[in-house]
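Notes to accompany the following structure.
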Amino acid sequence: MYQYKRSSELFDASKKYIPGGVNSPVRAFNSVGGTPVFFKKAKGSIMTDVDGNEYIDYIGSWGPMILGHAFQPVIDAVKVAVDNSTSFGAPTELELEIAKLIHDMVPNVDMIRMVNSGTEACMSAIRVARGYTGKDKFIKFVGCYHGHSDSFLIKAGSGASTFGEPNSPGVTAGTAKDTLTAEYNNLDSVKKLIKENPDQIAAVIIEPIAGNMGCVIPNEDFIKGLRDLCTENNILLIFDEVMTGFRLAPGGAQEYLGIDADLVTYGKVIGGGMPVGAYGGRKEIMDVVSPVGPVYQAGTLSGNPIAMTAGYTLLQELKNNPQIYTELADKTEYLRKGLVEVFDASGFDYRINTTGSMMSIFFTDVDVVDFETSSTANNDKFPKFFHEMLKRGIYLPPSSFESYFLSNSLTYEQLDRTIEACRESLEAMK
Ligand code: KE4
């Protein structure tokens, strides 16, 4: 039986010095209760916590570990790089190399700017869109998350009001008024906002496959419809590919869906586990970015040599071994089929959404196609399921509003163990 003695001690002590004892809220297990597990090491698909318990990992550090933890080529390259200093604050050849590599993998990204997180990438992309179009407002979607920049922490305006409302103290009404909120998979909700705000909307930003309301897949023609609406109305379409970039395909969701955005943001995989974000797009748009153009954006550690080493090494591996994406999709489909069989036999209402190597399990009897339907699964069943799986050595994201990220280090034996743990967990929940 798993025991979490050391994790509990560390959590109690950490809460004295760190808000909630964690450096990012989702890690605190607030959605599922209990003590967050503190980890000390990980290799491939296995993570080991501070009490010595081992887990099959389906978070992958929220996406970066697409080839498993401590992927040896990344480790080896970083070990060499650190001897040459950890940062210069000046340009390096490697930044040119990774920019060229990304252009090779994502041909419509003529130019790219490195930053240090997905949040920074998304906030910068909005600023660029505003600077390029000269318009102030932008549209986001309920249930999509683009980081914690003020203009994204907005909930849909109540009732008829088209203006957003801050969904966090510290975000001002002034900021909120320029963020418009539409419904995922609902083109009419976008058309309505465009009609109500003529010539005022700089951009539409979307998770092309959503992962922050659980994994939610765009309906046929939804993204294509968005693309056409943006083109017709001189609005920039921004794909937030912090989760999907380099994960769904070498060219990310743009390649996977066959649709070109005007700007794309990256995070997670691009840094190989190091703090990296990026935004990029056509040269005519990126030319507004300082120091070439007037839109200011900067960062002390942007393009950091150690982070670039990790990211470049991982991206090279993905580019040179495209069969990885087929292997990942096959493993995800194998797991999905096994879970469906177990859930069907359990009597529990459920839905499982998968795309590429992203997956979410929802305890609900409705198809999950947006935030509202995803919210029907935010009930007491998921926390029970989470903890039953945890004590059987399966580490899932601690919220039903999160996507799982499969890594290609997962073996079919580990997938079988996951399916069996699910069967036992559902049995224990009855
Ligand atoms: P970061 O600033 O956390 O690097 O990226 C923000 C971000 C932007 N866009 C998308 C689509 C994202 O999923 C994220 C961050 N994802 C969360 C997982 N839901 C990171 C985990 C966390 O917040 O600790």
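The values are calculated or read from the model by the stated rules, or taken from the named source; none is laboratory data. Treat the numbers as computed from the prediction; the structure is a model and nothing was measured. Every residue, glycine as well, gets a Cβ built from its backbone with ideal geometry; the counts of neighbours run over all protein chains shown.
Let me confirm something: among Ile194, Ile238, Ile201, Ile205, which residue is crowded, with 24+ Cβ neighbours inside 10 Å and more than 27 Å from Met105 (Cα to Cα)?
The unique qualifying residue is Ile201.
Residue-by-condition table, conditions (1) part of a helix (DSSP H, G or I); (2) assigned by TED's automatic domain parsing to the domain that holds Met286; (3) not hydroxyl-bearing (Ser, Thr, Tyr):
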| position | (1), (2), (3) |
| --- | --- |
| Ser189 | yes, yes, no |
| Lys192 | yes, yes, yes |
| Ala203 | no, yes, yes |
| Gly225 | yes, yes, yes |
| Asn234 | no, yes, yes |
| Phe239 | no, yes, yes |
| Met243 | no, yes, yes |
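Yes or no: Gly52 touching a Pro at 6+ places or on another chain (Cβ under 9 Å), in the same structural domain as Ser407 (by TED's automatic domain parsing) and not in a helix (DSSP H, G or I)?
No, not satisfied.
Can you tell me how many residues in the range 10-36 are of a type in the set (Ser, Thr, Tyr), within 16 Å of the ligand (Cβ to nearest atom) and closer than 20 Å to Asp380 by Cβ?
1
Would you mind finding the one in Ile285, Ile324 that is within 20 Å of Phe138 (Cα to Cα), over 16 Å from the mean Cα position of the chain (by Cα), in a helix (DSSP H, G or I) and away from the ligand (no atom under 15 Å from the Cβ)?
Selected residue: Ile285, the only one of Ile285, Ile324 that is within 20 Å of Phe138 (Cα to Cα), over 16 Å from the mean Cα position of the chain (by Cα), in a helix (DSSP H, G or I) and away from the ligand (no atom under 15 Å from the Cβ).
Checking Val74 against (1) more than 16 Å from the ligand (Cβ to nearest atom); (2) part of a loop (DSSP other than H, G, I, E, B): exactly one of these is not met. Which one?
(2)
Filter the range 378-401 for residues that are closer than 14 Å to Ile361 by Cβ, surrounded by fewer than 21 Cβ atoms within 10 Å (Cβ to Cβ) and either without any contact (Cβ under 8 Å) to a residue 12 or more places away in the chain or within 16 Å of the ligand (Cβ to nearest atom) (or both) and give the result.
Result: Asn378, Ser399.
Every residue in the range 124-151 that is within 16 Å of the ligand (Cβ to nearest atom), outside any loop (DSSP other than H, G, I, E, B) and either within 20 Å of Glu196 (Cβ to Cβ) or within 15 Å of the chain's Cα centre (by Cα) (or both), please.
Matches in the range 124-151: Ile126, Ala129, Phe138, Ile139, Lys140, Phe141, Ser151.
Looking only at residues in the range 24-51 that are farther than 15 Å from Ser14 by Cα and among the hydroxyl-bearing types (Ser, Thr, Tyr), which one is surrounded by the fewest Cβ atoms within 10 Å (Cβ to Cβ)?
Thr48
Can you pull out every residue in the range 84-123 that is within 16 Å of the ligand (Cβ to nearest atom) and among the small types (Gly, Ala, Ser)?
Residues satisfying the conditions are Ser117, Gly118, Ala121.
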